[in-house]
Amino acid sequence: MEPVDHTLLDGVLARQLRPLAKAITLIESQREDHRARARVLLEALLPHTGGAMRIGISGVPGVGKSTFIEAFGLYLIEQGLRVAVLAVDPSSTLSGGSILGDKTRMELLSREPAAFIRPSPSACSLGGVAEKTREVMLVCEASGFDVIVVETVGVGQSEIAVAGMTDLFCLLQLPNAGDELQAIKKGVMELADLIVINKADINPVAARTARAQIKTALHMLRPMSPNWPVPVLTMSALRKEGIAEFWDTAKRYRDTLTASGEFAARRKHQAATWMWELIDAGLKQRFRQHPRVTAALPGFVEAVEEGRVTPSAAARELLSFLNE
Ligand code: GDP
């Protein structure tokens, strides 16, 4: 086993930003020797993790995520807290950029010493991006951040991934009639612990109508927790209106679910799910790399496609090669 890099470890624990950035670079590296060093570092940091409130923020592009996160971050810093902002954007692998890649976004927040902003890691799959973000989150926690915000674009599986790594998953919505139905169709609303209708300044009446419609729509869904009817807030991130109410609601959420035991239970469940995801991925990789499987696979696929062998018989046979 690699010895732990004490300079890096001590720097992260001492809340220094440069060692933090270095540790994250190590975690995000694809090189096997870097992975080994990152694993040792993470093990050493683990006892110091768990202290932050992990908040996921999702919503379609243009809804105001970065405007909100900047205003929220600055508000938290005013309260004497430190905030880290991470992102999960699987498209960053393809585009080379990411939702937080543009430095002009959150410009004020990025200048704050009590803030740390990191763009989405690039990895070849959403699973890879999510895994690295989870690890980065742990390092940030060990480095004493009080709140960790994980931003994601409002598309596809990335929302499920972020809801699966945060304590509170928040959906930002526009005050458009019909928008809420879209969210329900996609199943995103079921993941939300909190819904915020942003840009309420443009049309406060429309925002209130949307709020009522979403509340009605929420009645049709099974709540995530019997102790937490999902609140629907209105906000103007641009005018910094509704930010304090958001934070008060988040704290009330934490207190309510801590009292019921659900806060800790969710984290336990997330940790176990994470482990199983890695086991699934590892087994699949081992299977695909097994020499007998590699040799026999094309023949089996063809036989299954042509209907000469049943999929279940082929799967059973191929899996049995793993025992050899
Ligand atoms: P993102 O793509 O979800 O990160 O959205 P941005 O934060 O980049 O915001 C998109 C646009 O909406 C920008 O021009 C913002 O200035 C604007 N915007 C964000 N929040 C509000 C708001 O509360 N009210 C109004 N009127 N505009 C907003």
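The values are calculated or read from the model by the stated rules, or taken from the named source; none is laboratory data. This is a predicted model, so every value here is computed, not measured. All Cβ positions, even for glycine, are placed from backbone atoms using ideal geometry, and neighbour counts span all protein chains on display. Side chains included, ligands, DNA and RNA excluded: accessible areas come from the protein's heavy atoms. Shrake-Rupley method; radii C 1.70, N 1.55, O 1.52, S 1.80 Å.
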Query raised in the report: R0 = 22 Å: FRET efficiency of Tyr75 with Thr216, Cβ-based, nearest 0.05?
Result: 0.15
Query raised in the report: Ignoring ligands, DNA and RNA, what percent of the 1.4 Å accessible area of the chain is carbon and sulfur?
Result: 57
Requested in this report: Using the Cα centre as the reference, give the magnitude of the dipole from point charges on the C-beta atoms of region 132-289 (Lys, Arg: +1; Asp, Glu: -1; all else neutral), rounded to the nearest 20 debye.
Outcome: 340
Requested in this report: Name the residue farthest towards the positive end of the dipole of region 49-259 from the options Thr49, Ser122, Trp247, assuming +1 on Cβ of Lys and Arg, -1 on Cβ of Asp and Glu, about the Cα centre.
Outcome: Trp247
Query raised in the report: Using the alpha-carbon atoms, what tilt in degrees (0 to 90, nearest 10) does helix 126-142 show relative to the longest principal axis of the chain?
Result: 60
Requested in this report: Could you count how many Lys pairs in region 147-276 have their Cα atoms under 22 Å apart, skipping same-chain pairs fewer than 8 positions apart?
Outcome: 7
Query raised in the report: Which aspartates and glutamates have a Cα less than 18 Å from the Cα of Lys132, not counting those fewer than 8 places away in the same chain?
Result: Glu28, Glu32, Asp33, Glu43, Asp89, Glu141, Glu151, Glu159, Asp167, Glu277, Asp280
Query raised in the report: GNM, the chain, Cα, under 10 Å: largest mean-square fluctuation among Arg222, Arg82, Arg288?
Result: Arg288
Report task. Using only Cα atoms, find the angle between the long axis of helix 291-305 and the longest principal axis of the chain, and express it within 0 to 90 degrees, rounded to the nearest 10. Result -> 80
**Report entry** Magnitude of the charge dipole, region 26-91, Cβ model with Lys/Arg +1 and Asp/Glu -1, debye to 20
**Finding:** 120
Query raised in the report: When the helices in the chain are scored as -39500 (n - 2.57) per DSSP H run of 4 or longer and the sum is shared across all residues, what 222 nm value do you end up with, to the nearest 500 deg cm²/dmol?
Result: -17000 deg cm²/dmol
Requested in this report: Note down the nm distance, to one decimal, between modelled labels 7 Å out along Cα→Cβ at Val4 and at Val205.
Outcome: 6.1
Query raised in the report: Hey, with R₀ at 25 Å, roughly what FRET efficiency would Lys251 and Trp276 work out to, going by the Cβ-Cβ distance, to 0.05?
Result: 0.20
Report task. Measure nothing fancy, just the Cα-based angle from helix 17-28's long axis to the longest principal axis of the chain, in degrees from 0 to 90, nearest 10. Result -> 40
Report task. Rounding to the nearest 20 debye, state how big the charge dipole of the chain is about its Cα centre with +1 on each Lys and Arg Cβ and -1 on each Asp and Glu Cβ. Result -> 260
Requested in this report: Return the long-range amide H neighbours of Glu151 (sequence gap of 5 or more, or a different chain), with a cut-off of under 5 Å between placed amide H atoms.
Outcome: Ile57, Leu86, Ala87, Val88
Query raised in the report: Given the chain, what whole percent of its Cα pairs are spread farther than 32 Å?
Result: 36
Requested in this report: Go through region 148-153 residue by residue and turn each phi into a ³J(HN,Hα) via Karplus (6.51, -1.76, 1.60, θ = phi - 60°); whole Hz please, and just put x for glycine and proline.
Outcome: 10, 9, 10, 8, 9, 6
Query - Residue-level accessible surface for Thr256, protein heavy atoms, 1.4 Å, Å² - result: 50
Query - Accessible area (Å², per residue) of the chain, counting only protein heavy atoms and a probe of 1.4 Å - result: 51
Requested in this report: On each of the three principal axes of the Cα atoms of region 1-48, give max minus min coordinate, whole Å, ordered largest first.
Outcome: 27, 19, 15
**Report entry** Mean Cα-pair separation over length for the chain, i.e. relative contact order, pairs under 8 Å, 6 or more apart, %
**Finding:** 16
Query raised in the report: Semi-axes of the equivalent ellipsoid of region 210-275: what are they in whole Å, largest first, if each equals the square root of 5 times a C-alpha gyration tensor eigenvalue?
Result: 25, 17, 12
Report task. Calculate the radius of gyration of the Cα atoms of region 273-323 to one decimal place, then report Dmax, the largest Cα-Cα distance, as a whole number, both in Å. Result -> 12.4, 38
Query raised in the report: Out of residues 5 or more away from Ala200 or on other chains, whose amide H comes under 5 Å of its own, with H placed 1.01 Å from N in the peptide plane?
Result: Met235, Ser236, Ala237
